[in-house]
Amino acid sequence: KQKLASLTPSCVWRFWRRQPAIQIDSSLLTLSAAAAAQTGLGAPVATNANGMRAWILAPAELDALQRRLKAIPDATLLSRPSVQTLSGRQAQVQVVELVTVAGKPTPVGLIVDLFPRAASGSVKLTMSATSTERFVPQPGGAMAVRTNFAAACRVFIKSTGGLVVDGGDAKDSGGKSHWIIIHAAVLDAQGNPIKP
């Protein structure tokens, strides 16, 4: 039993080392209604009662969307955290600050939890994302935290393709909706994205 126990860590390490690496970039944006109409995404693959919409994009479609967004004046990039992990390992990206709300430290910003698995040059991804902001409901009132975006899903993305989610009815203080773009790529042994 002791010999088996002493071998376990090295066996686990070899297993993880054989798993392909996955690079995930996430972009949080705000878009006005006019800007959203200029994305050219077409019909979403999923919707819900709160107005959220989701699209799964092939690599060429994702590249085209990112070019269009740069040309849309009212599409604002808020943050772009990224992470590299191994297939089958959970990861998290976040851009947060701690603020005191009702006497308690509270994280405010973007938190994205990810669980990717490589599969034949594609990525099976379980993702949840939440974006919050601080605001004061009334002049002179206490600070509060508002959720602008919250979504969770499981998707199958071609390597170097992406997932786009429109936050729907939830709006920020400027009346804009929050969108998140997840770009996922399986990496080869040299760290280069594997293209389908």
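Measuring spread by the Cα atoms of the stretch 14-72 yields a radius of gyration and Dmax of 15.6, 51 Å. In this simple spin-label model, placing a label point 7 Å from the Cα along the Cα-to-Cβ direction at both Q94 and V136 gives a separation of 2.7 nm. With contacts taken as Cα pairs under 8 Å at a separation of at least 6 residues, the chain carries a relative contact order of 26 percent. Between 0 and 90 degrees, the angle of helix 2-18 with respect to the longest Cα principal axis of the chain falls at about 60 degrees. For the residue pairs K70/K171; K104/K171; K104/K124; K70/K195, the alpha carbons lie more than 27 Å apart in K104/K124. For the chain, the longest principal axis of the alpha carbon atoms and the long axis of helix 59-71 meet at an angle near 30°. Close amide-amide hydrogen proximity is noted between I194 and V186, L187, D188, each under 5 Å apart and 5 or more residues distant or on a separate chain (H modeled in the peptide plane; Pro and chain starts excluded).
Using the alpha-carbon positions of the stretch 109-196, Rg (one decimal) and Dmax (whole number) come out as 17.0, 57 Å. About its Cα centre, the chain has a charge dipole of approximately 860 debye under the convention of +1 per Lys or Arg Cβ and -1 per Asp or Glu Cβ, with nothing else charged. Projecting the Cα atoms of L65, Q23, A151 onto the charge dipole of the chain (Cβ charges, centred on the Cα centre) puts Q23 farthest toward the positive pole.
Per the Kirkwood formula applied to alpha carbons, the chain shows a radius of gyration over Rh ratio, Rg over Rh, of 1.05. Centre-to-centre, using Cα atoms only, the stretch 143-172 and the stretch 112-140 are separated by 6 Å.
Quick note: the coordinates plus some simple rules give every number you see, no bench work behind them. Small disclaimer: the values here were computed from a predicted structure and weren't measured. Backbone-built Cβ (ideal geometry, glycine too); neighbour counts: all protein chains shown.
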